[in-house]
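Peer 1: This structure is in structure tokens; I'll ask about it shortly.
The values are calculated or read from the model by the stated rules, or taken from the named source; none is laboratory data. As the structure is a computational prediction, the values presented were derived from the model and not from experiment. Please note: Cβ atoms are built from the backbone with ideal geometry, for glycine as well, and neighbour counts cover all protein chains shown. Ligands, DNA and RNA are excluded from the accessible area calculation, which covers all protein heavy atoms including side chains. Shrake-Rupley method; radii C 1.70, N 1.55, O 1.52, S 1.80 Å.
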Amino acid sequence: MRKNQVDMITLGCSKNLMDSELLIRQFLANGYTVRHNSDNVDGEIVVINTCGFIADAQEESINMILEIVESKKRGKVGQVYVMGCLTERFMDELKAEIPEVDAYYGKFNWKKLISDLGKAYYNDPMGGNRSITTPSHYSYLKISEGCDRKCSYCAIPIITGKHVSRDMDEIVAEAKQLVAAGVKEIQLIAQDLTYYGLDKYKTHKLPELVERLADIEGLEWLRLHYAYPNSFPKDLLRVMRERKNVCNYLDIALQHISDPMLRAMRRGTTKAETYELLRELREAVPGIHLRTTLMVGHPGETEEDFEELLQFVRDIKFDRLGAFVYSHEEGTYAHQTYSDDIPLELKQERMSRLMSEQERITTALNDSKIGQCFRTIIDRREGEYYIGRTEFDSPEVDQEVLIKRSDADLEISTFYQVEITSADVFDLYGRIVEA
């Protein structure tokens with residue numbers, strides 16, 4: 001056990017990661033040494049920031065807690081603290097089932113951990129609010145917390161509460177601070193980006209916010225994650241088209257396409273409206289790459305509904321697509337209203353068919369890039385390759401560009417023009433054509 005060392009373990013999404021970065025900064029300001037997601041956890045203090053979105057994430061979080069508690073019993077680690085979305089949802093159950101944890105905190109009261117340790121909470125410690133855990137050239141920036149949508153299956157509003165937009169000036173100031181520290185790429189995140197401003201300013205403010213952020217000198221790429229199709233702020237498309245440092249990339253979760261499923265999911269949109277929105281997106285922002293998330297196995301999904309979803313994927317040819325099977329989450333509208341009537345085996349079979357269709361599409365799209373040149377940022381070295389990304393690829397979730405280290409001497413966090421020489425379903429391979 002290493003004295004005065006904190007091991008921070010973050011599970012789940014990038015929004016969780018930002019919470020961890022805020023807490024890490026507080027530990028550093030109080031004189032601790034901090035490691036994040038270390039392969040060898042042996043700190044005097046271990047903090048686990050959990051995910052509680054769906055059953056698989058909950059299981060991963062619980063297994064991690066049990067693993068660290070076992071390390072505590074063997075004397076390898078000291079105090080164990082658990083925070084985040086899982087504890088926000090299931091605090092009482094966790095306390096009863098795993099009492100060996102020293103203390104549990106929810107998603108929003110983690111500041112209390114600092115005072116419970118007898119330490120001071122520093123406002124703007126050491127000149128910054130967060131300790132960035134990502135590579136130094138990119139960072140996430142959360143613009144709001146919570147969600148006012150009423151999707152049938154989603155536990156996020158239960159965990160995070162109603163949508164609360166951050167002050168625009170505060171967001172811009174944080175972005176300027178990040179860029180001044182060397183960040184070249186900002187990933188804008190929220191439970192729902194497109195709702196930004198409606199609560200605080202009584203109107204859609206995402207287009208104005210993106211314009212102001214794009215004006216920051218030194219910000220090379222600004223990427224938008226987690227948009228919602230209903231009441232999409234169309235002026236955002238003008239901003240994306242006009243501002244060259246706003247990536248031609250949009251992460252917009254659509255979940256399904258058949259009208260019966262969209263109604264059952266309480267998505268507030270229709271099949272026709274969805275197709276029209278996607279047509280507008282591609283027309284208004286030429287070359288835009290679209291990432292979406294789809295769900296299979298929601299209660300009531302028929303084979304006809306699923307075939308309609310498959311045809312939708314064939315029609316739109318999404319550049320990036322993630323999918324998950326429906327999880328019957330306690331407290332949600334679907335849990336209270338529907339029976340979980342799709343067998344797990346059928347959910348998984350539909351998921352496999354959906355992703356096989358997307359792999360075929362992705363392979364064709366990647367093959368079409370061979371011979372083209374793209375501005376590419378180098379993220380890291382790995383084995384015999386430099387690993388980079390184009391503006392159409394977000395860290396961690398999208399494909400990468402691999403360049404042989406024997407062919408060039410490249411700098412991490414630097415942009416290069418790269419010609420794509422070959423491709424597969426998961427990655428592009430290229431060579432430097434202009435440094």
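Peer 1: Between residues in region 354-380 that are in contact (Cβ under 8 Å) with a residue 40 or more places away in the chain and surrounded by 14 or more Cβ atoms within 10 Å (Cβ to Cβ) and residues that are in a helix (DSSP H, G or I) and of a type in the set (Lys, Arg), which pairs lie under 8 Å by C-beta distance while being six or more apart or on different chains?
Peer 2: 357/314; 361/314
Peer 1: Any chance you could count how many residues in region 16-65 are open to solvent by 20 Å² or more (accessible area, probe 1.4 Å), assigned to a helix (DSSP H, G or I) and under 30 Å from residue 297 (Cα atoms)?
Peer 2: 9
Peer 1: Among the residues of region 329-348, is there at least one that is without any contact (Cβ under 8 Å) to a residue 60 or more places away in the chain, among the polar types (S, T, N, Q) and closer than 22 Å to residue 226 by Cα?
Peer 2: No, region 329-348 contains no residue that is without any contact (Cβ under 8 Å) to a residue 60 or more places away in the chain, among the polar types (S, T, N, Q) and closer than 22 Å to residue 226 by Cα.
Peer 1: Let me ask something else about it. For residue 302, are the conditions met, namely being among the β-branched types (Val, Ile, Thr) and open to solvent by less than 10 Å² (accessible area, probe 1.4 Å)?
Peer 2: Values: among the β-branched types (Val, Ile, Thr): yes; open to solvent by less than 10 Å² (accessible area, probe 1.4 Å): no.
When the stated conditions are applied, residue 302 does not pass them.
Peer 1: Could you grab me the full set of residues in region 130-168 that are in a loop (DSSP other than H, G, I, E, B), open to solvent by less than 40 Å² (accessible area, probe 1.4 Å), in contact (Cβ under 8 Å) with a residue 60 or more places away in the chain and not aromatic (Phe, Trp, Tyr)? Walk me through it before giving the result.
Peer 2: Applying the first criterion (in a loop (DSSP other than H, G, I, E, B)) to region 130-168 yields 130-137, 143, 146-155, 161-163, 166-167.
Still in the running and open to solvent by less than 40 Å² (accessible area, probe 1.4 Å): 130-131, 134, 137, 143, 146-149, 151-155, 161, 163.
With the extra rule that they be in contact (Cβ under 8 Å) with a residue 60 or more places away in the chain, the set shrinks to 130-131, 134, 137, 143, 149, 151-155.
Hits for region 130-168 are 130, 131, 134, 137, 143, 149, 151, 152, 154, 155.
Peer 1: Taking the condition in contact with a Lys or Arg (Cβ under 7 Å, 6 or more places away or on another chain) and of a type outside the set (Asp, Glu), does residue 149 pass? Outline the logic, then answer.
Peer 2: Numbers: in contact with a Lys or Arg (Cβ under 7 Å, 6 or more places away or on another chain): no; of a type outside the set (Asp, Glu): yes.
Taking the combined requirement at face value, the residue does not satisfy it.
For every residue, the table says whether it meets (1) in contact with a helix residue (DSSP H, G or I) (Cβ under 8 Å, 6 or more places away or on another chain); (2) in a strand (DSSP E or B); (3) of a type in the set (Gly, Ala, Ser); (4) farther than 30 Å from residue 419 by Cα.
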| residue | (1), (2), (3), (4) |
| --- | --- |
| 301 | yes, no, no, yes |
| 309 | yes, no, no, yes |
| 318 | yes, no, no, no |
| 327 | yes, no, yes, yes |
| 354 | yes, no, no, yes |
| 359 | no, no, no, no |
| 375 | no, yes, no, no |
| 379 | no, yes, no, no |
| 386 | yes, yes, no, no |
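Peer 1: Of the conditions (1) hydrophobic (A, V, I, L, M, F, W, C); (2) more than 21 Å from residue 108 (Cα to Cα); (3) in a helix (DSSP H, G or I), residue 171 clears all except one; give me its number.
Peer 2: Residue 171 satisfies all of (1) hydrophobic (A, V, I, L, M, F, W, C); (2) more than 21 Å from residue 108 (Cα to Cα); (3) in a helix (DSSP H, G or I) except (2).
Peer 1: Here's another thing I want to ask about it. Can you spot a residue in region 312-319 that is farther than 22 Å from residue 227 by Cα and touching a Ser or Thr at 6+ places or on another chain (Cβ under 9 Å)? Give the steps one after another, and end with the answer.
Peer 2: Of the residues in region 312-319, the ones farther than 22 Å from residue 227 by Cα are none.
No, because not a single residue in region 312-319 is farther than 22 Å from residue 227 by Cα and touching a Ser or Thr at 6+ places or on another chain (Cβ under 9 Å).
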